[in-house]
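For reference, the structure discussed in these notes is given below.
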Ligand SMILES: NC(=O)c1ccc[n+]([C@@H]2O[C@H](COP(=O)([O-])OP(=O)(O)OC[C@H]3O[C@@H](n4cnc5c(N)ncnc54)[C@H](OP(=O)(O)O)[C@@H]3O)[C@@H](O)[C@H]2O)c1
C-alpha cells in the first residue's frame, strides 16, 4: 500500500504499539492521522509529536466500548475529513490469571474492547470503504492468537477470534477492493505487560520494532504479519511438533504465587524451569561482565 496522500485512523494511539505505528506512518509521509483512545491528554502529546513531523492529525478521545459515541464520532469524522483509507484496530486490554481464579468483569472487558469494540468500528468504516471501493483494515491480534498459553486463556481467546474475524473479512471484502490484514506482535515492552508475570526466556520487543515490521508487512502485501524471530519459531514448532511447543510453554509459564514448603520436593517441570533460569542467569552475568 502506498501511504502517500492517505488518511489513517489508529485506535490505541495514546501509547504503546498504536502510538509507535502512528509515529512510523508519519515518518513514512502519510498525509493525516486520526488518533483514537480514551486519554485526551496523551493523544494531544502524540499529536504534537506527529505534527512536528509534518503530518496532519485529528484527535478523537472516546471509549470504544460505547457504541453510540463511536457511531457519532465516525459520522463526524467522515463529514470533517472525508475518506479513511487505512484503519488500524490496535486498542486492546489483557488480564493474566490462572483460569480457576479468573474474574468475569475482566473477561467482559477483554471481550468488549478486543472484540466488540473492534467489530463496531470496523463495521462502520468498512461500509464507507466499500462505497468508495478502496481501503485497508489492519487488526492487531497477537502471537497468542496462534499459540495459546497458560494464564492467558481469555486474552488468547479474543486474539484467536480476531484472526478468524480477519480471515473471513479478507475473503468477504475483497470484492469491494478492501484488504484485511492481521498484525501479530509477540511480547512487546508496553504498559500492557508491565503488570504481567512474563513467560520465561521470552525476549520483549520494542514498540518501534513492531511498527517497522507492520510497515514492511503492508508493503509486501502480507495477509498476516508475524513480528520477530521468536514468533516465526513458535509457529513453525506448533506446525511440526505441537507437543513440544506445549511442553515448552508449560515450562516457560510464570509460577503461580504460592509459598513452597521447606519439605516440598520439586516436580520434574519445576526442575527444568530452575535449570533454564540458572543457565539464563549465567548467560546474562557473562554478557554483563563482557560489557
Ligand atoms: N504488548 C504486548 O506484548 C502485545 C503483544 C501482542 C499483541 N499486543 C496487542 O497490541 C495492542 C496494543 O497493545 P499495547 O501493548 O500497546 O498496550 P497498551 O500500551 O496498554 O495500550 C493499549 C491502548 O489501547 C487503548 N485502549 C484500551 N482500552 C480502550 C477503550 N476502552 N477505548 C479506547 N481505547 C482503549 C489505550 O488507550 P487509553 O488508555 O488512553 O484509552 C492504549 O492506547 C493490543 O491489541 C494488544 O493486545 C500487545
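The values are calculated or read from the model by the stated rules, or taken from the named source; none is laboratory data. What you see is a predicted model; the values in this text were computed from it and never measured. Please note: Cβ atoms are built from the backbone with ideal geometry, for glycine as well, and neighbour counts cover all protein chains shown.
Are any of the residues in segment 9-26 surrounded by fewer than 17 Cβ atoms within 10 Å (Cβ to Cβ) and away from the ligand (no atom under 14 Å from the Cβ)?
So in segment 9-26, the residues surrounded by fewer than 17 Cβ atoms within 10 Å (Cβ to Cβ) come out as none.
The answer is no; no qualifying residue exists.
How many residues are within 10 Å of the ligand (Cβ to nearest atom) and modelled with pLDDT under 90 when one looks only at segment 196-227? Reasoning before the result, please.
Step one: of segment 196-227, the residues within 10 Å of the ligand (Cβ to nearest atom) are 196, 198, 202, 204-205, 207, 210, 227.
Still in the list and also modelled with pLDDT under 90: 196, 198, 202.
Within segment 196-227, residues that are within 10 Å of the ligand (Cβ to nearest atom) and modelled with pLDDT under 90 number 3.
Of all strands (runs of 3 or more DSSP E) completely enclosed by segment 1-88, which ones contain at least 3 residues that are under 27 Å from residue 223 (Cα atoms)? Can you show your working first?
Details: elements: 7-11, 32-37, 56-61.
Because the criterion is at least 3 residues that are under 27 Å from residue 223 (Cα atoms), the strands (runs of 3 or more DSSP E) in segment 1-88 that meet it are 7-11, 32-37.
Could you check segment 197-228 and list, in sequence order, the residues that are in a strand (DSSP E or B), under 23 Å from residue 248 (Cβ atoms) and touching a helix residue (DSSP H, G or I) at 6+ places or on another chain (Cβ under 8 Å)?
Of everything in segment 197-228, those that are in a strand (DSSP E or B), under 23 Å from residue 248 (Cβ atoms) and touching a helix residue (DSSP H, G or I) at 6+ places or on another chain (Cβ under 8 Å) turn out to be 224, 226.
Does residue 41 fit the bill of being free of Cβ contacts under 8 Å to residues at least 24 places away in the same chain, within 13 Å of the ligand (Cβ to nearest atom), under 20 Å from the mean Cα position of the chain (by Cα) and exposed (fewer than 14 other Cβ atoms within 10 Å of the Cβ)? It would help to see each step written out before you state the result.
Values: free of Cβ contacts under 8 Å to residues at least 24 places away in the same chain: yes; within 13 Å of the ligand (Cβ to nearest atom): yes; under 20 Å from the mean Cα position of the chain (by Cα): no; exposed (fewer than 14 other Cβ atoms within 10 Å of the Cβ): yes.
When the stated conditions are applied, residue 41 does not pass them.
With respect to the numbered conditions (1) more than 12 Å from the ligand (Cβ to nearest atom); (2) out of contact with any strand residue (DSSP E or B) (no Cβ under 9 Å at 6 or more places or on another chain); (3) not in a helix (DSSP H, G or I), which one is the sole condition not fulfilled by residue 236?
(3)
Out of all the residues in segment 79-114, which are more than 15 Å from the ligand (Cβ to nearest atom) and either without any contact (Cβ under 8 Å) to a residue 40 or more places away in the chain or exposed (fewer than 13 other Cβ atoms within 10 Å of the Cβ) (or both)? Full working, then the answer.
Taking segment 79-114 as the starting set, the residues that turn out to be more than 15 Å from the ligand (Cβ to nearest atom) are 79-86, 97-104.
Those that are more than 15 Å from the ligand (Cβ to nearest atom) and either without any contact (Cβ under 8 Å) to a residue 40 or more places away in the chain or exposed (fewer than 13 other Cβ atoms within 10 Å of the Cβ) (or both): 79, 80, 82, 98, 99, 100, 101, 103, 104.
Being assigned to a helix (DSSP H, G or I), touching a helix residue (DSSP H, G or I) at 6+ places or on another chain (Cβ under 7 Å) and either closer than 30 Å to residue 244 by Cβ or within 12 Å of the ligand (Cβ to nearest atom) (or both) is the filter here; which residues of segment 119-160 pass it?
Of everything in segment 119-160, those that are assigned to a helix (DSSP H, G or I), touching a helix residue (DSSP H, G or I) at 6+ places or on another chain (Cβ under 7 Å) and either closer than 30 Å to residue 244 by Cβ or within 12 Å of the ligand (Cβ to nearest atom) (or both) turn out to be 120, 121, 143, 144, 145, 153, 154, 155, 156, 158, 159, 160.
Any idea which of 179, 194, 170 is surrounded by 15 or more Cβ atoms within 10 Å (Cβ to Cβ) and either free of Cβ contacts under 8 Å to residues at least 60 places away in the same chain or in contact with a helix residue (DSSP H, G or I) (Cβ under 6 Å, 6 or more places away or on another chain) (or both)? Show your work before the answer.
Values: 179 fails: either free of Cβ contacts under 8 Å to residues at least 60 places away in the same chain or in contact with a helix residue (DSSP H, G or I) (Cβ under 6 Å, 6 or more places away or on another chain) (or both); 194 fails: surrounded by 15 or more Cβ atoms within 10 Å (Cβ to Cβ).
When all the criteria are applied, what remains is 170.
Mind checking which residues of segment 58-74 are within 15 Å of the ligand (Cβ to nearest atom) and within 22 Å of residue 29 (Cβ to Cβ)?
If the condition is that a residue be within 15 Å of the ligand (Cβ to nearest atom) and within 22 Å of residue 29 (Cβ to Cβ), then 59 is the only one that fits.
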